[in-house]
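The values are calculated or read from the model by the stated rules, or taken from the named source; none is laboratory data. Small disclaimer: the values here were computed from a predicted structure and weren't measured. A quick note on method: Cβ atoms are made from the backbone with ideal geometry, for glycine too, and the neighbour counts reach across all protein chains shown.
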């Protein structure tokens, strides 16, 4: 029997944050109208009950964390002003460690981006590195923080606070990938080719393959099988395929596609494909682990907040999961233009949070108007 507390947090276009939990395969609001939080880019803090972290926006912005109905506490060192945001409507990028004890976050400091590390209850945060771009990833045991900054890849040992330079040749401007067993993978540019590098931290790295171009790496959960979205022959912004890179090279899903997300149990793979319908629609496609197609969605147009994350889906799949912990539900905020004006003439306020049931199929559940949504991260208990 699998026991898991599935929870979902949703950001409305008016700035409200609403939360839901699953009871009996139905979803129920956790908030009353008096206890709604406000903010941007909400995420659950792992392992800490109902605590939600989000960016607040007023005269200045800060990262704040707290349960609904409580006054949230500011995370040290996260204050920023509108003219120093990372991007439009993006004050921070924040990533909790899997154990919920530390959070790393990116904030703009003048002309630079700065990655900071904060330990819960500490009075100050610590600067890890500055520069642009910055992409980070936690190991599954929360000990190691890997950071791709510029052409360098560094690993921070949170137990000793030591920072080790792993590579001076990192390419791709993407998050490094961790396996559940502690393997770290990234791409290096060496001798005119792109090498796939892998290390069992803190051991030295080795080359496990080469590529002809860029890629977004991700280990299949509960395995050391390294997979990737591989760039196409042209700079179209879409990927040509999702492929398995180790232990043997093989194609899983043919593109073009703009995102892929493994379910936490490693048994399902969701991909997002342009439909070339001329109105900006995409289609979600659900696959088995070997790439076999299970089913596809109707055409959809990603909500503005969701569209922002698609350019960096490798980062946001870590910080704001779109799969529920038990691998049953997948969430995406989008408009389904079945009726009404053509999408080009719409203000896209019809975007809603849709929940697809990967086990039962059928029509998606509607959780109301939303621009962004994310599940909590929780270990699934067997018993």
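Conditions tested, residue by residue: (1) closer than 30 Å to residue 362 by Cβ; (2) without any contact (Cβ under 8 Å) to a residue 60 or more places away in the chain; (3) in a strand (DSSP E or B); (4) in contact with a strand residue (DSSP E or B) (Cβ under 8 Å, 6 or more places away or on another chain).
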| position | (1), (2), (3), (4) |
| --- | --- |
| 8 | yes, no, yes, yes |
| 13 | yes, no, no, yes |
| 18 | yes, no, yes, yes |
| 31 | yes, yes, no, yes |
| 55 | no, yes, yes, yes |
| 93 | no, no, yes, yes |
| 99 | no, yes, no, no |
| 103 | no, yes, yes, yes |
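Among the residues in segment 96-103, are any crowded, with 16+ Cβ neighbours inside 10 Å, closer than 24 Å to residue 378 by Cα, at pLDDT 95 or above and touching a helix residue (DSSP H, G or I) at 6+ places or on another chain (Cβ under 9 Å)? Yes. Looking across segment 188-208, the residues that are over 16 Å from residue 176 (Cα atoms) and in a strand (DSSP E or B) come down to 190, 193.
Conditions tested, residue by residue: (1) at pLDDT 95 or above; (2) part of a loop (DSSP other than H, G, I, E, B); (3) on the phi < 0 side of the Ramachandran plot.
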| residue | (1), (2), (3) |
| --- | --- |
| 321 | yes, yes, yes |
| 332 | yes, no, yes |
| 355 | yes, no, yes |
| 363 | no, yes, yes |
| 374 | yes, no, yes |
| 378 | no, yes, yes |
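For segment 48-62, the criterion of being modelled with pLDDT of 95 or more, more than 21 Å from residue 303 (Cα to Cα) and in contact with a helix residue (DSSP H, G or I) (Cβ under 8 Å, 6 or more places away or on another chain) is met by none of the residues.
If residue 148 satisfies all but one of (1) outside any strand (DSSP E or B); (2) touching a residue at least 24 places away in the same chain (Cβ under 8 Å), what's the number of the condition it fails? The failed condition is (1). Within segment 213-227, if we keep just the residues that are touching a strand residue (DSSP E or B) at 6+ places or on another chain (Cβ under 7 Å) and in a loop (DSSP other than H, G, I, E, B), the residue that is surrounded by the most Cβ atoms within 10 Å (Cβ to Cβ) turns out to be 220. Would you check which residues across segment 58-76 are under 15 Å from residue 90 (Cα atoms) and crowded, with 17+ Cβ neighbours inside 10 Å and list them? The answer is 61, 62, 63, 64.
Going residue by residue through segment 166-177, is there one that turns out to be assigned to a loop (DSSP other than H, G, I, E, B), without any contact (Cβ under 8 Å) to a residue 60 or more places away in the chain, in contact with a strand residue (DSSP E or B) (Cβ under 6 Å, 6 or more places away or on another chain) and within 29 Å of residue 375 (Cβ to Cβ)? The answer is yes; a qualifying residue exists. Just checking, which of 287, 273 is within 26 Å of residue 308 (Cα to Cα) and more than 18 Å from the chain's Cα centre (by Cα)? Answer to the selection: 287.
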